[in-house]
Amino acid sequence: MNDTETIKALTQLKDGKNINIKTFRKNGEGAATPVWFVEDKDFFYICTGGATYKVKRIRNNPEVQIAASDASGNPKGKYFEGKARILEKDEVDPFYSLFRKKYSGFRMWNFFANLGKKEEKKQVYLEVTLK
């Protein structure tokens, strides 16, 4: 992929509503999942369930790949290599408001996603840094 195609794919990634995040199993096999995200200062932030397999895989291996996708998870462009980390609770507030601005249903979705769950199963936020 040449520089123009890479810039186009990165712009498409940043401007989209969904991205595919590919995490890696212990055997090295990738598993892609479509997620909502926000982008801030060249970092990508994802909100997801704390007990999901993608979070479990990131705890074992922070290496990830992300690509622009549709809501069904069909990639729309190139995958970019990155590294993910799970944010601490005191780091989340600025990104929560970014999600609320980008996705009109985020507040309601987040409320019901956390309703009645134990702390370790509540939503967590991931920060993805591209390489």
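Of these, Lys83, Lys22, Lys54, which one is in a strand (DSSP E or B) and crowded, with 17+ Cβ neighbours inside 10 Å? Give the derivation first.
On the way: Lys83 fails: crowded, with 17+ Cβ neighbours inside 10 Å; Lys54 fails: in a strand (DSSP E or B).
When all the criteria are applied, what remains is Lys22.
Select, from Ile66, Ile46, the only residue that is closer than 12 Å to Leu126 by Cα, of a type in the set (A, V, I, L, M, F, W, C) and not in a loop (DSSP other than H, G, I, E, B). Give the derivation first.
Working: Ile66 fails: closer than 12 Å to Leu126 by Cα.
Step by step, each of Ile66, Ile46 is checked, and only Ile46 is closer than 12 Å to Leu126 by Cα, of a type in the set (A, V, I, L, M, F, W, C) and not in a loop (DSSP other than H, G, I, E, B).
Residues in the range 6-39 that are among the polar types (S, T, N, Q) and under 14 Å from the mean Cα position of the chain (by Cα) were compared, and the one that is nearest to Ala67 (Cα to Cα) is Asn20.
Condition check ((1) more than 18 Å from Thr129 (Cβ to Cβ); (2) free of Cβ contacts under 8 Å to residues at least 12 places away in the same chain) across all residues:
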{"position": "Glu5", "(1), (2)": "yes, no"}
{"position": "Lys14", "(1), (2)": "no, no"}
{"position": "Lys22", "(1), (2)": "no, no"}
{"position": "Trp36", "(1), (2)": "yes, no"}
{"position": "Lys41", "(1), (2)": "no, yes"}
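None of the figures in this text is laboratory data; all of them are computed from the coordinates on show. In this text the structure is predicted, and so the values were computed from the model without any measurement. Cβ atoms come from the backbone with ideal geometry, glycine included; neighbour counts cover every protein chain shown.
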